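Trainee: Structure incoming, see below.
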Ligand SMILES: NC(=O)c1ccc[n+]([C@@H]2O[C@H](COP(=O)([O-])OP(=O)(O)OC[C@H]3O[C@@H](n4cnc5c(N)ncnc54)[C@H](O)[C@@H]3O)[C@@H](O)[C@H]2O)c1
């Protein structure tokens, strides 16, 4: 069995990843979302709920597909304090995660990026807790999604647009990423 952790698992990208991962019977999937933007999985997961206790929902009797409604930072801090937290608090057998997909973020599109950059900057705190946890837990694989916002804005003007490539980010001559959203992704 492979243990999979998906943060932001009720969001746009996360929902699709949860459905894809749970389709493989060899995967055990824990997904976490505070539902600030995400959609309650009861509405899209396509399975009857097996049980619900507090902020945890299980979608099968063996605990193969489990949802926790919480701030991902809180769960990360608890797991950092105590490696057996998920077992002790929820009775879950996820001692070690092989693959981790990190989609929990304040995204919100252009209006949010320009309109409330300080709220978007909270992504730095989500990512800081996340990177600290993976440095200790050492999953086999981690996926961190970047964004075109990480690239210098002067390469993304309306005139003379170019196809961006990874080498367009040069840490010696970094340029200016796109608002706090871009700074978060560049930092990540
Ligand atoms: N959608 C895209 O086109 C796109 C492109 C590039 C990168 N990305 C990146 O992919 C990731 C997911 O994007 P998305 O489009 O699915 O966004 P989304 O807003 O649909 O999903 C993010 C999810 O995170 C949850 N969330 C926010 N803060 C949380 C917290 N503190 N604890 C727990 N859950 C929290 C939200 O409720 C939401 O469900 C983000 O990192 C985003 O930057 C997305």
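No lab work stands behind these numbers, since they all come straight from the coordinates. Only a predicted model underlies this, so the values are computations on that prediction, with no experimental measurement involved. Quick reminder, even Gly has a Cβ in these numbers, built from the backbone with ideal geometry, and neighbours come from all protein chains shown.
Trainee: Measure nothing fancy, just the Cα-based angle from helix 72-81's long axis to the longest principal axis of the chain, in degrees from 0 to 90, nearest 10.
Mentor: Tilt of helix 72-81: around 70 degrees.
Trainee: Next up: Could you order peptides 155-161, 6-12, 38-44 by the average number of other Cβ atoms within 10 Å of their residues, highest first?
Mentor: Going by the mean number of other Cβ atoms within 10 Å, highest first, we get 6-12, 38-44, 155-161.
Trainee: While we're on this one: Which one of 88, 57, 49 has the biggest mean-square fluctuation once the chain is modelled by GNM with Cα springs under 10 Å?
Mentor: 88
Trainee: Next question. Using the per-residue mean of other Cβ atoms lying within 10 Å as a proxy for protection, in what order, highest first, do the peptides 123-133, 138-148 fall?
Mentor: Going by the mean number of other Cβ atoms within 10 Å, highest first, we get 123-133, 138-148.
Trainee: Kindly list the residues of segment 6-24 that lie in the label zone of residue 37, defined by a backbone N under 13 Å from the point 7 Å along the Cα-to-C-beta vector.
Mentor: What the label zone holds, given the 13 Å backbone N cut-off, is 8-15.
Trainee: On to the next question. For residue 74 paired with residue 19, estimate the spin-label separation in nm (one decimal), with each label point 7 Å from Cα along the Cα-to-Cβ line.
Mentor: Label at residue 74, label at residue 19, 2.8 nm between them.
Trainee: Right, next: For the chain, take the longest principal axis of its alpha carbons; what is the angle in degrees between that and the long axis of helix 122-137, to the nearest 10 within 0 to 90?
Mentor: Between the helix axis and the principal axis of the chain, the angle is about 60 degrees.
Trainee: Before anything else, pin down the relative contact order of segment 1-150: Cα pairs under 8 Å, at least 6 apart, normalised by residue count, whole percent.
Mentor: It comes to 24 percent, rounded to a whole number.
Trainee: Between segment 71-133 and segment 149-188, how many Å separate their Cα centres?
Mentor: That distance is 25 Å.
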